[in-house]
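What follows is a single structure, written as structure tokens, with notes after it.
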Amino acid sequence: MERDGTPLGFPDSVYIHAAAIFQKTHVEKDLAHRLIRYRSISSKGDGVGDDDDEDSGIVDDGDANTKMNEHWAYEQAFKLKYQDLLEEILTDSYFHRSQQMPDDLMALVVVVLYDLLDRKFQPREPMKRAEEGLIKEVRQVEDSLCRFKTKLESSLAQYRIKQNLLTIDSFLPPVVRVKQQRSQTLPLYAWVNTLKASIENVCETLKTSGFTQVDSHTPLVGNEFCKDEHCSNVLLFPRLLSKQLEKTNLVTEHTLIIQDKSRSLAACAIHPLLVENGDVLMVGSFSALTVAHVAVQVAACSGCVHVYGLLNVSTFNNELQTILTSTACKSKYVKVMSEYFSELNEWDLRIQKVRVIVLLPKCSASALSNPVEFILNESGDPKVKAVVYCTCSVYPEENERLVKRALENADSKAKAMPFRLVSAGWDDEEEKFFITQASDITNGCFLCVMKREQDPAEVETVQDILARAAAKGLLGGLLPPDPVNGEKPKKRKN
């Protein structure tokens with residue numbers, strides 16, 4: 001395991017945050033195979049949260065060091081893929097029995113143990129900032145593990161010999177190892193903030209800065225970049241260019257925004273569904289960057305994005321306002337709601353202009369276990385014209401099966417015109433489901449678009465369209481054709 005620039009040890013708050021994440025996401029085994037019990041840390045006032053606090057540990061204040069600490073915390077927390085190995089070491093060395101650590105510290109024990117093994121029990125580097133602070137539980141766990149250093153390393157060595165493991169990574173299943181390797185080679189994806197520049201202008205700026213544009217099907221090397229084959233405003237770069245790219249004015253000024261393609265797919269899928277003055281409703285699990293990407297598109301149509309389902313509205317809102325300011329997107333185009341999505345009803349005046357809904361549920365652990373069915377049943381908003389559903393899951397139960405079942409149930413209940421699956425605009429879709437498999441060039445993603453069939457009473461005539469265009473001054477003085485036989489146009493009912 002190479003640390004690749006990672007320091008020897010982290011601030012105490014990083015371990016606390018990582019333990020809180022690990023506690024929420026670890027694999028809960030059945031009693032017959034459970035070697036260690038984990039219970040959430042409940043102490044208050046030390047940066048540690050409880051089960052209801054998604055932001056336990058590190059509070060994002062926008063500081064660069066805080067961002068780095070959060071990044072490290074998640075990296076350490078997701079070493080849970082070594083959970084079985086670490087538990088085996090703790091039990092085989094008799095650490096778990098002899099030290100009698102309380103259950104609410106075991107998640108912290110596992111996190112700190114991995115880091116100690118990773119840095120071969122070398123002392124932590126001195127903290128660069130005095131205000132990082134010391135946390136008693138972290139020091140207690142680290143000291144206990146260090147006293148057991150010899151037995152812990154011996155248990156690891158014996159396990160590797162018994163299992164014929166050349167490295168700790170060899171413990172992982174082949175599928176996990178492949179994913180881990182791919183994470184190091186995946187291209188960087190970045191979307192162009194069209195409020196600041198067109199994609200053509202960004203490409204020209206990159207070229208004058210020493211980058212070379214290549215075809216989208218060409219493997220990226222060196223300083224090359226290309227346009228994404230699905231998202232018209234997304235560019236790809238080799239991952240090795242990460243630090244170089246982040247120093248460019250395009251990135252620092254938020255004209256080019258680095259983000260995973262799966263989130264951009266959802267944002268780009270709504271573009272052809274937008275209507276003038278029509279709003280978009282977002283619900284699920286997403287970052288402020290994803291909201292900003294959607295808002296940039298909706299702002300061009302003078303619409304608004306309504307955001308629901310957030311666990312910590314105030315924290316998210318602060319981050320969102322910072323991002324909206326940096327992307328030059330006016331805050332009036334986004335409204336963050338404190339209510340739960342399930343509390344909405346079709347008569348709510350705030351959502352009367354919503355025409356598109358974007359669903360981004362938590363994959364495999366979603367609070368919105370069946371959000372599509374909820375929206376499409378008879379209690380849903382009948383004015384919604386389209387729904388974009390997107391996950392990063394490979395399981396059909398969360399993807400096509402859920403969508404098909406929801407559509408079937410909605411058809412049997414809905415009084416309004418039914419929803420139907422339509423193409424998202426990418427020609428390689430199967431059964432109108434857009435699916436990308438995890439590979440060396442992209443993460444996996446599932447996306448589909450459900451569009452309500454148009455009510456014949458709402459179909460506009462040619463005269464309607466021309467009259468509306470003339471009213472906006474788009475015909476350059478040309479008048480729409482007069483009704484046939486000199487008859488006055490009939491007024492349409494709203």
Accessible surface ranking that places the most exposed of Ser154, Ser338 first, with a 1.4 angstrom probe: Ser338, Ser154
Under 5 Å, built H, 5+ apart or other chain: amide partners of Gly309: Phe341
With all protein chains modelled, accessible area of Lys207 [1.4 Å, Å²]: 90
Gain on full stretching of the segment that runs from Met417 to Asp103 - 0.36 nm per residue minus C-alpha separation: 107.6 nm
Solvent-accessible surface ranking, highest first, for Trp426, Trp347 at 1.4 angstrom: Trp347, Trp426
Size of region 163-314 as Cα extents on the principal axes (Å, biggest first): 63, 43, 28
Shape category assigned to region 134-186 from the gyration tensor of Cα positions, a/c cut at 1.5: oblate
Ellipsoid semi-axes in whole angstrom, largest first, where each is sqrt(5λ) of the Cα gyration tensor of region 304-364: 20, 16, 11
Ordering of 259-272, 133-146 by burial proxy (mean other Cβ atoms within 10 Å per residue, highest first): 259-272, 133-146
Region 263-328 versus region 97-117: alpha-carbon centroid distance in Å: 40
His254 accessible area, 1.4 Å probe, all protein chains in place, Å² to nearest 10: 70
Mean Cβ count within 10 Å, highest first, over the residues of peptides 158-165, 297-304, 443-450: 443-450, 297-304, 158-165
Distance violations [Cα-Cα > 20 Å] among Lys404/Lys432; Lys179/Lys261; Lys24/Lys162; Lys261/Lys353: Lys24/Lys162; Lys261/Lys353
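The values are calculated or read from the model by the stated rules, or taken from the named source; none is laboratory data. Just so you know, these numbers come straight off a predicted model, no measurement behind them. Cβ sites come from the backbone with ideal geometry, for glycine too, and all protein chains shown count toward neighbours. These area figures cover heavy atoms from the full protein model, side chains too; ligands, DNA and RNA do not enter into them. Shrake-Rupley method; radii C 1.70, N 1.55, O 1.52, S 1.80 Å.
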